[in-house]
Amino acid sequence: MAEHVKIGSVDELRARGWLTGKAGSLPICVFESDGELFALDDRCPHMGFPLHRGTVESGLLTCHWHNARFDLRSGGTLDPWADDVRAYPVEVDDGTVTVVVAADHTDRVEYLRRRLEEGLEQGITLVIAKACSDCSTPGWPWVTSCGSGPPSAPATARRDGARDSPC
Ligand code: FES
């Protein structure tokens with residue numbers, strides 16, 4: 001079941017250039033570009049800068065900390081070191097802006113596996129490190145930074161039968 005979060009008015013959005021709100025603990029920001037409204041997670045997936053403080057131009061949002069660029073419609077990044085940001089549908093009713101937040105059914109283990117592969121293929125150490133240090137995903141075996149991985153955490157098999165993390 002999707003949550004409908006009233007986040008402000010179109011007038012406020014046009015006066016300020018952005019709207020922010022929360023769906024539970026999830027920060028959300030809304031922008032207008034070429035007459036369309038778009039909602040994204042308000043945390044930059046690169047290092048967490050508030051995206052509502054970025055710049056919108058021609059359907060792209062640029063984060064002001066390290067200049068990662070995101071497509072407003074999909075949340076897809078143009079900069080692989082930054083990662084994609086989650087995008088949400090927006091509804092406008094009588095001048096009120098509502099963001100529709102459905103449950104996130106992303107397979108986190110598969111997502112982290114893909115990001116680790118991308119980081120390794122492209123030699124992006126930050127992407128590798130972030131994937132390897134995700135301590136919050138049950139079943140993700142490559143946890144290295146906090147040591148809280150599952151006791152049966154698999155890793156690359158070594159010749160002596162011991163296991164070793166690739167990170
Ligand atoms: S925090 Fe946004 S680009 Fe680095």
Legend entry - Subset of the range 36-47 [part of a loop (DSSP other than H, G, I, E, B) and crowded, with 17+ Cβ neighbours inside 10 Å]: Asp42, Cys44, Pro45, His46
Inset, instruction - Pairs only if they're at least six apart or on different chains, beta carbon under 7 angstrom, first in the range 31-49 and not assigned by TED's automatic domain parsing to the domain that holds Glu91, second within 15 Å of the ligand (Cβ to nearest atom) and at pLDDT 95 or above; list them, first residue then second. - result: none
Inset, instruction - Would you please list the contacts, defined by Cβ atoms under 6 Å and residues six or more apart or on different chains, that run from a residue in the range 126-137 that is charged (D, E, K, R) to a residue that is surrounded by 13 or more Cβ atoms within 10 Å (Cβ to Cβ)? - result: Asp134/Leu112; Asp134/Trp140
Legend entry - Residues of the range 57-87 satisfying the condition of being surrounded by fewer than 17 Cβ atoms within 10 Å (Cβ to Cβ) and either in contact (Cβ under 8 Å) with a residue 60 or more places away in the chain or among the aliphatic types (A, V, I, L, M) (or both): Leu60, Leu78
Legend entry - Residue identified as polar (S, T, N, Q), in contact with a Phe, Trp or Tyr (Cβ under 9 Å, 6 or more places away or on another chain) and modelled with pLDDT of 95 or more among Thr20, Thr62: Thr62
Legend entry - Failed criterion for Thr144 (all others in (1) among the polar types (S, T, N, Q); (2) part of a strand (DSSP E or B); (3) at pLDDT below 90 hold): (2)
Inset, instruction - All but one of (1) surrounded by 13 or more Cβ atoms within 10 Å (Cβ to Cβ); (2) over 20 Å from Thr55 (Cα atoms) hold for Val30, so report the exception by its number. - result: (2)
Legend entry - 1 or more residues farther than 26 Å from Met1 by Cβ and away from the ligand (no atom under 15 Å from the Cβ): qualifying strands (runs of 3 or more DSSP E) within the range 48-119: 55-57
Inset, instruction - Considering each of Glu91, Glu117 in turn, give the residue that is exposed (fewer than 15 other Cβ atoms within 10 Å of the Cβ), closer than 30 Å to Trp142 by Cβ and among the acidic types (Asp, Glu). - result: Glu117
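The values are calculated or read from the model by the stated rules, or taken from the named source; none is laboratory data. Because the structure is predicted, anything quoted here is derived from the model rather than measured. No Cβ is skipped: glycine too gets one built from the backbone with ideal geometry, and neighbour counts run over all protein chains shown.
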